[in-house]
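Colleague: This is the structure I want to talk about, given as structure tokens.
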Amino acid sequence: MRTGSFALQLSNFTNEATEELTRTQRAIIFELAKSIVMDSPVDRGTFRGNWRFSFSPAQQQLDIQDKGGGATLAELQNFIDGFNGGTVWLLNGMKYGLMLEYGHSAKAPQGFVRRNVSRINAIVARISKA
């Protein structure tokens, strides 16, 4: 019988489980944030370009336009790649965001944050099965 083999197996299992949990969290966060970003109404692209991802609730308004959302999603992917657990904030510093969320835009009359957050259980279930 090898000394410490059970402890090593337990440690390996714990590490693998933690890595899998982190991968799952990353996928869930990315899917939810991507859906919110891409469902955001677009005029010039300034609102979509102002989505930021952070470990704290600090936010600022930026002079960035991203009509197609590609640059914003690339930033999201870079942020997610460095995620190792904790609270994640998805922020938009544009002052008119609340008005857009609550029907001021004909392009998103049902909102874009509320609509996607209401789908979180379906997102978790789909990603957990993958």
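The values are calculated or read from the model by the stated rules, or taken from the named source; none is laboratory data. Predicted model, so just to flag it, every value in this text is computed and none were measured. Backbone-built Cβ (ideal geometry, glycine too); neighbour counts: all protein chains shown. Accessible surface areas use protein heavy atoms only, side chains included; no ligands, DNA or RNA. Shrake-Rupley method; radii C 1.70, N 1.55, O 1.52, S 1.80 Å.
Colleague: What's the carbon and sulfur percent of the chain's accessible surface, probe 1.4 angstrom, rounded to a whole number?
Modeller: Using a 1.4 Å probe with all protein chains present, the chain comes out at 56 percent carbon and sulfur.
Colleague: If you don't mind, there's one more thing I want to ask. With the Cα gyration tensor of segment 80-130 giving a ≥ b ≥ c as the square roots of its eigenvalues, does the rule (a/c under 1.5 for rounded; else a/b larger than b/c for prolate; else oblate) give rounded, prolate or oblate?
Modeller: Details: a/c = 3.56, a/b = 1.52, b/c = 2.35.
Taking the square roots of the gyration eigenvalues as a ≥ b ≥ c, segment 80-130 is oblate.
Colleague: Zone of Gln60 (label point 7 Å along Cα→Cβ, backbone N under 13 Å): which residues in segment 89-111?
Modeller: 93
Colleague: Could you order Glu31, Glu75, Glu19 so the one with the most accessible surface comes first? Probe is 1.4 Å.
Modeller: Most to least solvent-accessible, the answer reads Glu19, Glu75, Glu31.
Colleague: Still on this structure, I have one more. Which whole-number value in Å² is the accessible area per residue of segment 16-130, probe 1.4 Å?
Modeller: Normalised by residue count, the accessible surface of segment 16-130 is 60 Å².
Colleague: Report, in order of residue number, the helices in the chain meeting two criteria: a C-alpha extent of 30 Å or more along the helix axis, and a mean Kyte-Doolittle hydropathy of at least -0.5; treat each whole DSSP H run as one helix.
Modeller: In the chain, the long hydrophobic H runs are 5-39.
Colleague: Compute, for Ser118, the solvent-accessible surface of its heavy atoms (probe 1.4 Å) with the complete set of protein chains present, and express it in square angstrom to the nearest 10.
Modeller: 90 Å²
Colleague: Protein chains only, probe 1.4 Å: how do Val88, Val117 rank by accessible area, largest first?
Modeller: Val117, Val88
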